[in-house]
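Okay, so here's the structure we're looking at.
The values are calculated or read from the model by the stated rules, or taken from the named source; none is laboratory data. Only a predicted model underlies this, so the values are computations on that prediction, with no experimental measurement involved. Glycine gets a Cβ as well: all are built from the backbone with ideal geometry, and neighbour counts include every protein chain shown.
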Amino acid sequence: MNIPDIIIAVDGYSSTGKSTFAKLVAQEFDFLYLDSGAMYRGVTLAGLEAGAIADGTIDEAALLPVMEPLQLHFRRVDGVNQLFLGDRSIEKEIRGWEVSQYVSPVSAIPEVRAWVDSRLHAFAESGRVIMDGRDIGTTVFPNAQLKVFMTADPAVRAQRRYDELQLKGEKTTLEEVQANLKDRDYRDSHRPTSPLRQAADAYVLDNTHMTLHEEVVWMLGLLQGKFGLLEAPGLSC
Ligand code: DC
């Protein structure tokens with residue numbers, strides 16, 4: 001199927017499966033996948049390691065000079081994009097519980113958002129990109145040709161996230177995960193700079209009761225409808 005080189009923005013609440021969905025769409029339709037949340041997580045990890053974030057406090061004045069020279073970039077490892085800090089893969093650390101605790105307030109700092117946005121624009125230069133986050137369709141790429149807004153029942157989201165953390169051996173309870181998601185939803189949608197919002201021209205994907213295959217079929221239908229593509233490729237997922 002001949003899909004033009006477009007930017008696809010995928011936004012939504014935490015743990016709605018945005019990255020899993022976007023990765024699969026990238027694979028099926030040959031797009032570059034970029035995870036904007038990973039960039040905020042990378043800045044948070046660097047802040048923790050430099051001591052600019054500690055004991056429940058974010059020292060903004062100390063964090064910004066740590067962030068400026070950071071060499072954060074994506075590199076393909078075994079066919080999947082991983083976030084690197086210089087030559088070191090930080091993919092595993094940025095998904096941990098400690099980074100998750102601080103990333104939302106870090107991402108609310110306007111200077112952090114401007115720094116991340118400028119890098120996202122550089123990474124997306126090829127133009128054939130699917131990027132997931134909170135403000136991709138509203139702020140980072142308001143002219144993205146296709147926008148998806150993902151949502152799912154909060155209880156289902158918490159359970160998915162909890163299962164993921166359990167698999168990684170992280171010691172948390174379902175109640176803690178529920179509280180963290182609730183807190184992040186609130187912070188992400190109430191911050192003054194680029195709050196999480198559904199773009200007026202976004203298509204809503206509620207995946208509470210959907211399989212991944214059904215999500216990709218939904219996307220295929222959207223692409224066919226939007227770009228008048230009649231021929232459907234065989235999906236491999
Ligand atoms: O998608 P994620 O959970 O990895 O994102 C981590 C945090 O980064 C999340 O709490 C909100 C923030 N974020 C953001 O503010 N804007 C984006 N475009 C992506 C993520």
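Worth pointing out:
- For the stretch 180-201, filtered to residues that are aliphatic (A, V, I, L, M) and modelled with pLDDT of 95 or more, the residue that is nearest to Tyr162 (Cα to Cα) is Ala199.
- Taking the criterion of being in a strand (DSSP E or B) and farther than 9 Å from Ala9 by Cα, the residues of the stretch 139-153 that qualify are Met150, Thr151.
- Gly37 buried (at least 24 other Cβ atoms within 10 Å of the Cβ), over 19 Å from Met210 (Cα atoms) and either modelled with pLDDT of 95 or more or within 9 Å of the ligand (Cβ to nearest atom) (or both): no
Conditions (1) closer than 26 Å to Ile58 by Cα; (2) basic (Lys, Arg); (3) under 13 Å from the mean Cα position of the chain (by Cα), marked per residue:
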site	(1), (2), (3)
Val103	yes, no, yes
Phe123	no, no, no
Phe141	no, no, no
Lys147	no, yes, no
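- Qualifying residue in the stretch 199-209 (condition: away from the ligand (no atom under 16 Å from the Cβ), free of Cβ contacts under 8 Å to residues at least 24 places away in the same chain and farther than 24 Å from Ser107 by Cβ): yes
- Counting the residues of the stretch 85-94 that are within 18 Å of the chain's Cα centre (by Cα) and assigned to a strand (DSSP E or B) gives 2.
Residue-wise test of (1) β-branched (Val, Ile, Thr); (2) under 28 Å from Asp30 (Cβ atoms).
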residue	(1), (2)
Val80	yes, yes
Arg88	no, no
Trp97	no, no
Val106	yes, no
Ala114	no, no
Phe123	no, yes
Gly169	no, no
Glu176	no, no
Lys182	no, no
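- Test result for Thr208, of a type in the set (Ser, Thr, Tyr), surrounded by 12 or more Cβ atoms within 10 Å (Cβ to Cβ) and under 20 Å from Pro154 (Cβ atoms): yes
- In the stretch 154-193, residue nearest to Pro105 (Cα to Cα) [restricted to those that are in contact with a Gly (Cβ under 9 Å, 6 or more places away or on another chain) and not in a helix (DSSP H, G or I)]: Glu170
- Residue match in the stretch 55-64 (condition: away from the ligand (no atom under 14 Å from the Cβ), surrounded by 19 or more Cβ atoms within 10 Å (Cβ to Cβ) and modelled with pLDDT of 95 or more): yes
- Test: residue in the stretch 217-227 that is more than 16 Å from the ligand (Cβ to nearest atom) and within 18 Å of the chain's Cα centre (by Cα): yes
- Residues (within 14 Å of the ligand (Cβ to nearest atom) and surrounded by fewer than 21 Cβ atoms within 10 Å (Cβ to Cβ)) located in the stretch 18-32: Ser19, Thr20, Lys23
- Answer residue from the stretch 124-138, given it is in a helix (DSSP H, G or I) and within 13 Å of the ligand (Cβ to nearest atom) and is surrounded by the most Cβ atoms within 10 Å (Cβ to Cβ) among those: Ile136
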